[in-house]
Amino acid sequence: MKGCLAVQDEVLWLSAADVAACELSPASINDAVEAAFMAVSASQASTRPALSIPAGGPSSFRAKGGVVNAEGFGAVKWYGYFPRNAALGQAEFRPLILLNETETGFPVAVINGDWITAVRTAAISAVGARHLSRPESATVAFIGCGTQARSNLEALQAVRPLRRAILHGNRPETTAAFAEFVRARGLEAETSTDPRAALREADIVVSTVPRLAARTHFLDAGWMAPGGFAAMVDSGVAWDGATMGAFEARFSDDVAQSEGHAETGDVLTTYQGSLAQVVSGSCGRSHASQRLALIFSGTGLADAAAAIAVYRAAQARGLGRRLPL
């Protein structure tokens with residue numbers, strides 16, 4: 001079902017509370033994001049590399065988005081990325097998403113992007129794991145134990161029969177809190193101070209190390225177990241780029257963005273295909289012992305897919321507030 005024609009003189013505002021009230025499951029977001037990547041392969045969706053405008057020091061203002069013609073919507077996410085906020089106990093960014101329909105191009109909604117940003121990132125991991133990890137994958141290692149680790153766990157549980165999680169984090173209190181979250185989700189949780197051992201025992205590895213972390217580029221891809229799959233949510237910040245050859249194949253959620261718009265700290269490598277190609281079946285795992293990696297560029301296509309799902313759910317439930325333009 002494509003987007004309806006917009007009311008030309010108003011937009012729907014969806015707050016964080018409205019987005020939460022949509023009660024969308026991780027599995028539903030996984031499916032929406034996978035459908036968007038499949039639509040790319042059918043020339044029914046598209047995106048472009050993200051825009052980054054320097055704002056002094058490590059800070060910047062950024063925009064990313066995508067058009068999903070198959071759904072009848074386009075979206076752009078705008079946010080200020082201020083990594084020094086973390087030292088003040090504040091969020092590094094607070095995104096907003098503008099959603100437009102594709103019949104007239106008019107805006108239909110402005111959506112708080114906090115939840116969408118977390119789940120759309122996790123959904124990319126889950127879609128990658130669905131196609132690139134072994135179906136029997138039961139042990140996941142998290143390198144970094146913050147907010148993204150939690151959303152990734154929820155998304156991955158929807159696609160693989162996880163039973164055990166190995167946690168390696170820089171902050172003991174954050175790692176301990178995540179361990180409790182893992183156990184509440186029904187998994188065994190164990191903390192590890194040895195990243196090599198964590199990678200060696202895992203079927204799936206999720207790295208979410210911040211760009212300005214005290215320790216970066218400390219993971220050796222050669223530590224991965226045969227047949228392992230790595231979801232580099234941090235764009236490879238945790239990984240030693242010189243070891244990328246240990247992966248038999250490397251994929252990106254957006255090859256053009258990964259190759260042409262890498263940021264300081266991102267791992268630099270070559271790619272054997274995009275996630276859209278993986279989803280369509282044109283490339284992927286060829287044998288069980290392959291070590292495979294999905295390296296995130298932060299494509300806006302996933303933001304668009306998740307925003308569309310939220311908007312449709314909000315309409316169905318009568319959520320949000322209409323604002324005049």
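The values are calculated or read from the model by the stated rules, or taken from the named source; none is laboratory data. The structure displayed is predicted, hence computed values, not measured ones. Ideal geometry is used to build each Cβ from the backbone, glycine not excepted, and the neighbour counts take in all protein chains shown.
Say we look at segment 214-231 and pick out the residues that are in contact with a Gly (Cβ under 8 Å, 6 or more places away or on another chain) and in a loop (DSSP other than H, G, I, E, B); which of these is modelled with the lowest pLDDT? Before the answer, list the steps.
First, the residues of segment 214-231 that are in contact with a Gly (Cβ under 8 Å, 6 or more places away or on another chain): 216-217, 221, 229, 231.
Keeping just the survivors that are in a loop (DSSP other than H, G, I, E, B) gives 216-217.
Values: T216: 88, H217: 93.
Ranking the qualifying residues of segment 214-231, first place goes to T216.
Residue check: Y311 meets all listed conditions (1) more than 19 Å from V40 (Cβ to Cβ); (2) touching a residue at least 60 places away in the same chain (Cβ under 8 Å); (3) hydroxyl-bearing (S, T, Y); (4) not assigned by TED's automatic domain parsing to the domain that holds P83 but one, namely (4). If you go through segment 170-211 and keep only what is within 19 Å of the chain's Cα centre (by Cα) and at pLDDT below 95, you end up with V209, P210, R211.
For S282, are the conditions met, namely being assigned to a loop (DSSP other than H, G, I, E, B), surrounded by fewer than 18 Cβ atoms within 10 Å (Cβ to Cβ) and hydroxyl-bearing (S, T, Y)? Judged against the criteria, S282 is a match. In segment 109-159, the qualifying residues are those that are part of a loop (DSSP other than H, G, I, E, B), in contact with a helix residue (DSSP H, G or I) (Cβ under 8 Å, 6 or more places away or on another chain) and hydrophobic (A, V, I, L, M, F, W, C), and the one that is nearest to S252 (Cα to Cα) is V159.
With respect to L96, is the statement that it is touching a Gly at 6+ places or on another chain (Cβ under 6 Å) and free of Cβ contacts under 8 Å to residues at least 24 places away in the same chain true? Yes: the conditions hold for L96. For segment 1-36, the tally of residues that are assigned to a loop (DSSP other than H, G, I, E, B) and at pLDDT below 95 stands at 9. For A305, the stated conditions hold: it is small (G, A, S), surrounded by 23 or more Cβ atoms within 10 Å (Cβ to Cβ), within 20 Å of A126 (Cβ to Cβ) and at pLDDT 95 or above. The number of residues in segment 232-248 that are of a type in the set (S, T, Y) and assigned to a loop (DSSP other than H, G, I, E, B) comes to 1. With respect to the numbered conditions (1) of a type outside the set (A, V, I, L, M); (2) surrounded by fewer than 15 Cβ atoms within 10 Å (Cβ to Cβ); (3) under 21 Å from the mean Cα position of the chain (by Cα), which one is the sole condition not fulfilled by Q157? Unmet condition: (2). Suppose the filter is touching a Gly at 6+ places or on another chain (Cβ under 6 Å) and of a type in the set (V, I, T); does I308 pass it? No; evaluated as a whole, the condition is false for this residue.
Say we look at segment 56-88 and pick out the residues that are in a loop (DSSP other than H, G, I, E, B) and touching a residue at least 24 places away in the same chain (Cβ under 8 Å); which of these is nearest to A214 (Cα to Cα)?
Checked segment 56-88; the qualifying residue nearest to A214 (Cα to Cα) is P58.
Scanning segment 86-97 for residues being closer than 20 Å to L319 by Cα and either crowded, with 24+ Cβ neighbours inside 10 Å or out of contact with any Phe, Trp or Tyr (no Cβ under 7 Å at 6 or more places or on another chain) (or both) gives a total of 1. Only one of the numbered conditions (1) within 20 Å of the chain's Cα centre (by Cα); (2) within 24 Å of A198 (Cβ to Cβ) is violated by M244, and that is (1).
Would segment 253-269 turn up any residue that is over 23 Å from L219 (Cβ atoms), surrounded by 17 or more Cβ atoms within 10 Å (Cβ to Cβ) and touching a residue at least 60 places away in the same chain (Cβ under 8 Å)? No, every residue in segment 253-269 fails to be over 23 Å from L219 (Cβ atoms), surrounded by 17 or more Cβ atoms within 10 Å (Cβ to Cβ) and touching a residue at least 60 places away in the same chain (Cβ under 8 Å).
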